[in-house]
Structures are given as structure tokens and as C-alpha cells.
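S.K.: Can you keep this structure in mind? I'll have questions shortly.
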């Protein structure tokens, strides 16, 4: 999770201490972005663990994230979804394996270069309540500026585009502390968009939001792929939301990939029983795949007792 101190992210702090732009190479533009690969992000035999865990949380998984599509990470609590996202964002160092971005190991990127490629929105973010929405979004430009640089015309255009994309221009001059939960989440997404990353990573962005703002947020996520051609990786608790918003679904269980692919091919009644422990009717509908839970699966009944 990105640690917030005011508006200074961990990416920003480390870059100030380590001047220089771009990957650790002579040419920061030659990172494979024009290679035409079908998978924008790849996890190769990735192992992720914490000092406090006896076993890996993510254990040797190989996962591909399609370029320009929405990929949803789903699974029960403790399955490794958020940990996997942290590994992709280089917030958690792999115990083994690698994360590859357009053919280049992310370890070869400087902090600023990685922030220009990957934008991460964690579950918990803290900002001074007196800061305006515009000021918050403006801080997303840090990967493109040197310390003490003033905002350029291109910086302001990026801020305007980000605010317009998520539809919060009417909130531009509002203090962040005066916003609702849904409005605040949209402001944070605008800040990440102002980074102009090629991929956005979202960790359970609909948590704690009312239904209207959940729907609005899912619409924004779809528009990032369809209108901006951005790669999006989103962790979602709600499987119905996941199948509605994503092009590609990765289902995790006990730190391993149960299945991955188009949601209509992955999400079946057997899948619901084995991964989520519920019996459900799964059928196509006019708005996409429809999931109707019936009750606890006989396969898992009594396991918590």
C-alpha cells in the first residue's frame, strides 16, 4: 500500500533522494512500450510473502494482463488479491520470480519511470482536508517534474483531462474534506490519471461506497479502457461487479490462480462453489453474466465451525 504523508507518496520520497528520470538505462523511452505484446503486464513464477507469514501469500504464479483491457482480480478473503497487486506495483518485493512490464523487469525502472507506467490507488489514502480537488490532482504530475519545477502548460492540460475524464470538474475548487466517499474516490482516481500512466492498479475501489457511487466508479473504470485505451487491474470483492466491468478475470484461491480468462468462460456454478463456497445460478443476461446466489455450498458447509 502506498504510504501517504500529506501528499508525498513513497514513490515521490525515494525519487527526491535519488535524482534522475527514467529506467536505470541510458534511454528511458526504450522500455518495450512499442513491442506490440498482447500482455502489458506479466507475473512470471511470482512468489510474494510477508515476514509474518509462514507460507507465501502468492506462490509461484504466472499471470498475464492484456494490454488496454480491464482485468479483475477476484477471490475470497485471504486469497492473495491485494498482495498480488502490491507485487505488481513493486510495493512488495518478490521472494522469487518477476513482474515484467512490456518485456522489461520492473526492477529495471527507476521510481519515477515506474510511476509514469503504473498508477496505483490503494484502499486507504489520507490527504489534508483543506486541500482542493485541483491541488490533489495536480500532485499526480510528480513523475513528470523535477523537484521545485513549476507546473507547465502540459502539466495543466493533463490535470484538466484527468478531472474531465472522471467527471468532477464541478468539484475542482471544493476542499477534499467536504466530499462524499464516492466523490473522494473519484478525485483520487483523477490524481492517478494525471500521472498519465499506461496502466492503473485499483485495490477494492468500491469498498465503503453507496450503490450509486459504486455504479459511477465502475463506469469510469470501463471508460479508461474503452475511451483512453488504458490497461486497468482492479481488485474487487463483488463477483457480480467484476464480471460486469472486466474483459479478463483472474480468480485466486489460497494464493494460487484457480482460473483466468473471459468472465463468461471462468465464472460457472462449479466455480462459485469451489472458489466462493456458495451455490449459485449463473446464466447470461441482457447486461452480461447474471449470478444468483442460493446458499452456502455443501462443499464448504461447516468448515468454519
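S.K.: What FRET efficiency comes out for the pair residue 180/residue 237, r = Cβ-Cβ distance, R0 = 25 Å, nearest 0.05?
M.R.: 0.80
S.K.: Hey, fewest Cβ within 10 Å first, where do 112, 69 land in order?
M.R.: Starting with the residue having the fewest Cβ neighbours, the order is 69, 112.
S.K.: P(r) of segment 39-159 in 5 Å steps, Cα pairs, percent per bin?
M.R.: Going out from 0 Å in 5 Å bins, segment 39-159 shows 2, 9, 17, 18, 17, 14, 11, 7, 3, 0, 0 percent.
S.K.: Would you mind calculating the gained length between residue 219 and residue 98 on full extension (0.36 nm times residue separation, minus the Cα-Cα distance), in nm to one decimal?
M.R.: 40.4 nm
S.K.: Applying 1/(1 + (r/R0)^6) with R0 = 41 Å to the Cβ-Cβ distance of residue 247 and residue 54, what FRET efficiency is obtained, to the nearest 0.05?
M.R.: Efficiency, from the Cβ-Cβ distance: 0.70.
S.K.: How large is the translational diffusion coefficient of the chain in µm² per second when you combine the Kirkwood radius over alpha carbon pairs with Stokes-Einstein at 10 °C and 1.306 mPa s?
M.R.: Rounded, D is 79 µm²/s.
S.K.: What FRET efficiency would be calculated for the residue pair residue 153, residue 229, taking the C-beta separation as r and a Förster radius of 22 Å, to the nearest 0.05?
M.R.: The value I calculate is 0.40.
S.K.: Do the sum for the chain: with -39,500 (n - 2.57) for every DSSP H run of n ≥ 4, divided by all residues, what is the mean residue ellipticity at 222 nm, to the nearest 500 deg cm²/dmol?
M.R.: Only helices count here, giving -8000 deg cm²/dmol.
S.K.: Moving on to the next point. Between residue 62 and residue 292, 0.36 nm times their residue separation minus their Cα-Cα distance comes to what?
M.R.: Additional length available on full extension: 79.7 nm.
S.K.: In whole angstrom, note down how far apart the Cα centers of segment 241-295 and segment 185-209 are.
M.R.: The distance from the Cα centre of segment 241-295 to that of segment 185-209 comes to 24 Å.
S.K.: Taking 0.36 nm per residue of separation and subtracting the Cα-Cα distance, what length does fully extending residue 126 through residue 270 add?
M.R.: Working it through step by step, the gained length comes to 47.8 nm.
S.K.: Continuing with this model, one more query. Could you state the angle between the C-alpha long axis of helix 181-194 and the longest principal axis of the C-alpha atoms of the chain, as a value from 0 to 90 degrees rounded to the nearest 10?
M.R.: Result, in degrees: 60.
S.K.: Continuing with the same structure: Roughly how far apart, in whole Å, are the Cα centres of segment 68-109 and segment 110-162?
M.R.: Spelled out, the Cα-based centre of one part sits 22 Å from the other.
Rule-based calculations on the coordinates, nothing more; no lab input. Computed from a predicted model, the values in this text were never measured in an experiment. Cβ sites come from the backbone with ideal geometry, for glycine too, and all protein chains shown count toward neighbours.
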